[in-house]
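*Asks:* A single structure is presented below for examination.
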Amino acid sequence: MAEAIIFYTLSVLILGLAVAVITTPKTVHSVLYLVMNFLCVAMLYVVLQAEFLAVIQILVYAGGIVVLYLFVVMLVNLKRPAEVHQDPRRLSRLGLVLAGAVLLELAGIAVYSYRRVPVGPSPGAPSPVEGNIEQLGWLLYTDYLIPFEVASVLLLVAMVGAIILARRELS
């Protein structure tokens, strides 16, 4: 009973902080609400007995990603007026083609995941590995390999884009 109360309390906190992230007018406050949101998600993982995910949540998201957000907030001049001209070097058609390719890829992944026969053991059978970390690794590299790789490619593209934008602003 107490676990259910903690779970629902954390869920309400997570939803409330998520709304605060997108409705707060000050960007630094938004990032702080995001940190608190990530920490509440980590606590939710602890309640669900996924301690490894809780630690990874804190290290990766509450640590690394939020620091990246703060650097972006500091690098981007939010007081600058909007640009009045269109950049002639902007490749809008290429961007639309690449966005369409990403959507097609996501649709392909959804169709593949829907039609695919599960590789892992049947629900009643014992798992081939023991422990939270081993089971997470097993699922990540068998059943969820394609979404995992797509997420890594998207993160790589976002990182390259952030570097290009920051470099253009600094020079």
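*Asks:* Test PHE52 against the criterion of being more than 20 Å from ALA158 (Cβ to Cβ) and at pLDDT 85 or above, and give yes or no.
*Replies:* Considered against the rule, which asks whether it is more than 20 Å from ALA158 (Cβ to Cβ) and at pLDDT 85 or above, PHE52 comes out as yes.
*Asks:* Quick check on this structure: which one of TYR69, TYR33 is farther than 26 Å from ILE5 by Cα, of a type in the set (Phe, Trp, Tyr) and outside the structural domain of LEU165 (by TED's automatic domain parsing)?
*Replies:* Result of the check over TYR69, TYR33: TYR69.
*Asks:* So GLY120 fits all but one of (1) over 18 Å from the mean Cα position of the chain (by Cα); (2) closer than 24 Å to PHE52 by Cβ; (3) modelled with pLDDT of 85 or more; what number is the exception?
*Replies:* Single failed check for GLY120: (3).
*Asks:* Does the stretch 16-40 hold any residues that are closer than 17 Å to VAL72 by Cβ, among the polar types (S, T, N, Q) and in a helix (DSSP H, G or I), and which are they?
*Replies:* Selection gives THR27, SER30.
*Asks:* Filter the stretch 123-143 down to residues that are loosely packed, with under 10 Cβ neighbours inside 10 Å and within 25 Å of VAL46 (Cα to Cα) and give me whichever is modelled with the highest pLDDT.
*Replies:* Among residues in the stretch 123-143 that are loosely packed, with under 10 Cβ neighbours inside 10 Å and within 25 Å of VAL46 (Cα to Cα), the one modelled with the highest pLDDT is GLU130.
*Asks:* Please verify whether ILE146 is surrounded by 12 or more Cβ atoms within 10 Å (Cβ to Cβ), of a type in the set (A, V, I, L, M) and either assigned to a helix (DSSP H, G or I) or modelled with pLDDT of 80 or more (or both), treating the condition exactly as stated.
*Replies:* Taking the combined requirement at face value, the residue satisfies it.
*Asks:* Scanning for something in contact with a Ser or Thr (Cβ under 6 Å, 6 or more places away or on another chain), modelled with pLDDT under 80, at negative phi and surrounded by 13 or more Cβ atoms within 10 Å (Cβ to Cβ), does the stretch 27-46 turn up at least one residue?
*Replies:* Taking every residue of the stretch 27-46 in turn, none turns out to be in contact with a Ser or Thr (Cβ under 6 Å, 6 or more places away or on another chain), modelled with pLDDT under 80, at negative phi and surrounded by 13 or more Cβ atoms within 10 Å (Cβ to Cβ).
The values are calculated or read from the model by the stated rules, or taken from the named source; none is laboratory data. This one's a predicted model, so the numbers in the text were calculated from it and none came from an experiment. Ideal geometry is used to build each Cβ from the backbone, glycine not excepted, and the neighbour counts take in all protein chains shown.
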